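A short write-up of the structure that comes next.
The values are calculated or read from the model by the stated rules, or taken from the named source; none is laboratory data. The shown structure was predicted, so the numbers you read here are calculated from the model rather than taken from an experiment. Glycine gets a Cβ as well: all are built from the backbone with ideal geometry, and neighbour counts include every protein chain shown.
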Amino acid sequence: MKRTICMMRLFGAAILVAALILPASAVFARDGNHEAITQQLLDLIKAHPEIERMLKASIKAAQKINPDIASNPVQSYDKYFDYIDKASKLPPHDSPPYTRDELLQRICYFYFLVDQPLEELKPIPKLFNPALQYYEPFSNWLRDFAKTWGQFLDTTASWSEEQYQEFYKDPAYGLQKGWYEDHKNWTTFNLFFSRKLLAPYKRPVAPPIVVAPADSVPQGVWKIRADSTIEVKDGLKVKLARYFSVNDLLSKDSQYKNAFANGVLTHTFLNVFDYHRYHFSVGGKIKEMNRIAKNVALEVSWSSGDNQYIPLDSTGWQFTQTRGYVIVDTGKTYGLVALIPMGMAQVSSVNFEKNVTVGSIHLKGDPLGYFLFGGSDFIILFQKQANFEITAPEEDPRAEKAGSDKGQTVEPVLYKHIHANEEYGRMKGQTK
């Protein structure tokens, strides 16, 4: 509930969802021919008949939660494939008004249909949630769908001057502040989404502290246990605690997978309207880097009272998600820091700058990379010797931090939105 309230505040007031979801008349007016990505799913179902059973169950569960055909037009199994046909070549906004609410709702609805808990999947170990989107054969197809839509968003058909003008009017995007390059450079939606700054001074680097890697909202800090796991309670819709391994986060092949034992993990959430390039939170030499292709999932709930879909950003899903990482050596005093850009939802494209390579040296605040379309998250790992403390401003500070009595997490209710290169926290080092 805490995360749901947080996201609701982040995304603003709801607008009529019927205007945001693909209209039934537009989506379901195809003949028997399907797009290649849809046919790929149909072929997958032939090879894995259990997917048909689970997809039907998930759509039925989604219909039970939200029976309104205006905001949930896929009311049957057969209509799902026509929906995929349309979704794979649909601009994030296909008719005015072009609002961030529409953008968010379109992403959320896609995942709502396959994010319903299924009894059939509960016995399978290591699934983040027993939902179809985490079932490996289907999750692999979801990644292919994300690539297919991403290719469309690289075309001029995905963008228009009309969309730009609508975004310009919305202060959340910051297009009126003179931060960004000439908007004439944005000839596709992805070029807009990964827009560049006009100059580095538009995100000035804060004093000698850890800076925010991106325009985002910090989510908190979790202690890493001696066995390189973090314990997460609450927010995962389970009664017992669940443990997520940093070894898995960095991949079993990383020579630094155990280097962050007894350290801390923090993560920060990028909204759809944020500047989607990320920066070095600390300076130093890159010791290792990698990209890991995994899930392109998103947890979603339906709020009948607000008449909108709500994305959730609980802690733990990141460990199964498509991601990249760089290990930065800051020196003897503070040690290693892992910077981990995390894809979320469709087109979870994690990209590093060309000059970011193993052995390269970078200053704090330097460009690290960028996301293409899809919401995003960014994890940072600190070693014990850094003695990291988050200092980002709190939206609703309180004296007693959640979970601090058991030493599991230091997490306020909600942090304020901050910009890349502003103060995020401090490495205090070892105290005598």
Original post:
Does the stretch 144-151 include one or more residues that are over 18 Å from Phe371 (Cβ atoms) and assigned by TED's automatic domain parsing to the domain that holds Ser88?
Top reply: yes
Original post:
Pick from Gly331, Gly316: which is within 24 Å of Ile361 (Cα to Cα), touching a residue at least 40 places away in the same chain (Cβ under 8 Å), outside the structural domain of Ala131 (by TED's automatic domain parsing) and touching a Gly at 6+ places or on another chain (Cβ under 9 Å)?
Top reply: Gly331
Subject >> Meets criteria (assigned to a strand (DSSP E or B) and within 19 Å of Leu249 (Cα to Cα)) for Tyr309 >> reply: no
**OP:** Note down all Cβ pairs under 7 Å where the first residue falls in the stretch 155-180 and is outside the structural domain of Lys89 (by TED's automatic domain parsing), the second is among the basic types (Lys, Arg) and in a helix (DSSP H, G or I), and they're at least six residues apart or on different chains.
**Re:** Asp170/Arg100; Ala172/Arg100; Trp179/Lys202
Original post:
For the stretch 382-395, which residues satisfy the criterion of being part of a strand (DSSP E or B) and over 23 Å from the mean Cα position of the chain (by Cα)?
Top reply: Phe388, Glu389
**OP:** Count, please, the residues in the stretch 266-313 that happen to be of a type in the set (A, V, I, L, M), touching a Gly at 6+ places or on another chain (Cβ under 8 Å) and farther than 18 Å from Pro117 by Cβ.
**Re:** 6
Original post:
In the stretch 135-153, how many residues are touching a residue at least 60 places away in the same chain (Cβ under 8 Å) and within 23 Å of Leu103 (Cα to Cα)?
Top reply: 13
Original post:
Before we move on, is Tyr424 at pLDDT 95 or above and part of a strand (DSSP E or B)?
Top reply: yes
Subject >> Residue that is farthest from Thr188 (Cα to Cα) [pool: residues in the stretch 325-381 that are among the β-branched types (Val, Ile, Thr) and part of a loop (DSSP other than H, G, I, E, B)] >> reply: Thr333
**OP:** Please work out which residue is modelled with the lowest pLDDT, limiting yourself to the stretch 260-299 and to residues that are aliphatic (A, V, I, L, M) and under 12 Å from the mean Cα position of the chain (by Cα).
**Re:** Ala297
